[in-house]
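The values are calculated or read from the model by the stated rules, or taken from the named source; none is laboratory data. Keep in mind that what you see is a predicted model, and the values were worked out from it rather than measured. Heads up, the Cβs are rebuilt from the backbone with ideal geometry, glycines too, and the neighbour counts pull from every protein chain shown. The area values use the complete protein model at the heavy-atom level, side chains included, leaving out ligands, DNA and RNA. Shrake-Rupley method; radii C 1.70, N 1.55, O 1.52, S 1.80 Å.
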Amino acid sequence: MEGVTKSLASRDDFVMFLFTLMSNKKTFLQTATLIEDILGVRKEMIQLEDIPNLPSLVQSFNQQQLANFCRILSVTISEPDMGNDDKHTLLAKNAQQRANPCPSHSEVNQVALLNIPGFIERLCKLATRKVSEASGPSSLLLELQDWYTWLDNALVLDALMQMATEDAEQSSTESSDESSLATSPLRHRLPQSMKIVHEIMYKVEVLYVLCVLLIGRQRNQVHKMLAEFKLIPGLNNLFDKLIWRKQTSSHVLHGQNQNCDCSPEISFKIQFLRLLQSFSDHHENKYLLLNAQELNELSAISLKASIPEVEAFVNTDRNLICDGKKGLLTRLLSVMKKEPAESSFRFWQARAVESFLRGATSYADQVFLLKRGLLEHILFSIIDSGCKSRDVLQSYFDLLGELMKFNIDAFKRFNKYVNTEEKFQMFMTQINSSLVDSNMLVRCIILSLDRFESQIEDVSVVEVLSECSLLSYMARVENRQAFLFRLVNIINVQILTQENVSCLNTSLVVLMLARRRDKLAFCLNALREKEYAEKYPGCLLNNLHNLLRFWQRHYLNKDKDSTCLENSSCISFTYWKETVSVLLDSDPTSLCAIASYIDEAYMDLGRDFLEV
């Protein structure tokens, strides 16, 4: 009854009292279910530190209770969904941060959890605990297809387990033989098959909590603990227990913050992949995803190329890496290459692999993946597989960009695969169909071309520059200008989000490289000529001016973002700032200032877009 729930949810004393009832095993399940319902309608997020004796309460839970408690915790540590798309714009987010500079309730709650002794260690044990080794798990799971419509809650499942315990014990005394269990009536088999789904559902909740903590403000502290408690080797040992098969139901693509309402199996895999992405992204612990043999292979690649090993690799603690025949990254690559073209898993798989490559470009990391056929798989997916999903294609474009950046071997392999004009045109059609999705790849090609052109004393580089269709295409000034025009044209300050702000940074990369070669005035004049040709003078350059003003406000206050820009481009952040300042110069005589190219009648530079 919604009215009753809302009335109860508004009473802080009542909500806090409910948490005290969780210490009693007999009332735990009913209390947990009630708390979840109440938190679902409550307007204000509760503060975990207000719960009486929270550390001792959590420490009193057994592993099953802790897993169920994670479902409640997920509501308290996640930022609330803002609903309206307008509120997701960077303008709105920046305004919100200025209005509320203090840590949010969810961030305070994350700290409260991390202060509970042994909490992260127990979550790691839950996450890596082996799934029940029941006979024929896949067929038993298929029996439950219809159950999935309402068994979306581990708490409900726990209540069912309690009711089924007596029946399960009775059937086990009649026969404990696995073969007879498989042929016994369905009512006797359900408790066993439910246990398998149950373990998977537990892990969904636990992995979600770990994932949120990994992307929070305490990221480095969480990373250290997850490494210490061997989460990655544990997940590696669990990997083969996951069933990587095409689902009977159609997959929907899941947004970063979207609640998943699909089957436990699918939820589990997606949370698993999201965790890998969060773990690897711009962090030196990413090498824990490899085993000893694979780390030695990276060393050999660096040695052969006569380049020093990266610091993060050297600092990797080999006691904490994966064991077994394959590391987690290699296992992920294997299933990724077998995934059906339209599977939503491909999006998350590509994101997880891309996160391993992100940060400062590592030649050895790229070659390690190139040797495993990753580039050919990506090109097949983009050109030949018939994949229509924009999300999957975007994730593959981004991954291809990280894989090829500054890597002459990758461009050779590209040319070998894209060996006909028809294939090249198909590739370019895919890129041009949505620049918001493909602009990171465009940026990678432009940056790589710039570097290769400075290495013309190297015969192999000259050879690739002359033979590679992609580099030849991008070397033509008119093509780079066409990309610049389109990138500036598809965004404006009011619609900038975390998803499309990359278009602004790619535009800026084109302008910075032009400035390095004293071609900035040429670039700006070409934009002016394009405006007049399209019969809307001033529109493009005014927009670029506003975008760069926003860029200054947005990036000059964020250390992480500036580091990412520097690492991904190998251009110092100082040069980024200087180029923006030059372009925004108010001196009408400056040949590198945008204002110099806008006729006074069309000038519209004074509006303050920064107020929402």
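Summary of computed values
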| item | result |
| --- | --- |
| Listed residue pairs exceeding 18 Å between alpha carbons, taken from Lys230/Lys286; Lys337/Lys423; Lys337/Lys412; Lys93/Lys286; Lys203/Lys230 | Lys337/Lys423; Lys337/Lys412; Lys93/Lys286 |
| Within straight-line cross-link reach of Lys304, lysines at Cα separation under 16 Å, skipping those fewer than 8 residues along the same chain | Lys371 |
| Candidate lysines - alpha carbon under 26 Å from Lys519, same-chain residues fewer than 8 apart omitted | Lys405, Lys530, Lys535, Lys577 |
| Whole-number accessible area per residue in Å² for the range 383-473, which is evaluated in the context of all protein chains at 1.4 Å | 39 |
| Taking the C-alpha atoms of the range 461-612, convex hull volume expressed per residue in Å³ | 129 |
| Estimated D of the range 1-111 in µm² per second, where Rh is the Kirkwood radius over Cα pairs and Stokes-Einstein applies at 25 °C, 0.890 mPa s | 159 |
| Of all accessible heavy-atom area on the range 437-592, the percent that carbon and sulfur account for (1.4 Å) | 51 |
| Separation of alpha-carbon centers, the range 512-543 and the range 365-409, rounded to whole Å | 32 |
| Arg351, Arg129, reordered so the largest accessible area comes first (probe 1.4 Å) | Arg129, Arg351 |
| Cleavage-rule hits (GluC sites (Glu not before Pro)) in the range 517-585: DSSP loop, at most 15 neighbouring Cβ within 10 angstrom | Glu534 |
| Unit charges on C-beta of K, R, D, E only; dipole of the range 431-556, Debye | 580 |
| Rounded to the nearest 20 debye, dipole of the range 407-452 from Cβ charges on Lys, Arg, Asp, Glu | 180 |
| Range of Cα positions in the range 412-519 per principal axis (Å), largest first | 47, 35, 22 |
| Leading residue at positive end of dipole, the range 355-451 (Cβ point charges), from Val392, Leu369, Asn432 | Leu369 |
| Length-normalised contact order for the range 1-64 - Cα pairs under 8 Å, 6+ apart - percent | 37 |
| Reciprocal of mean inverse Cα separation for the range 493-553 (Kirkwood radius, Å) | 12.5 |
| Using a Förster distance of 56 Å, the FRET efficiency for Ser299-Ser56 (Cβ separation, nearest 0.05) | 0.75 |
| Cα centroid separation - the range 1-47 against the range 460-503, whole Å | 53 |
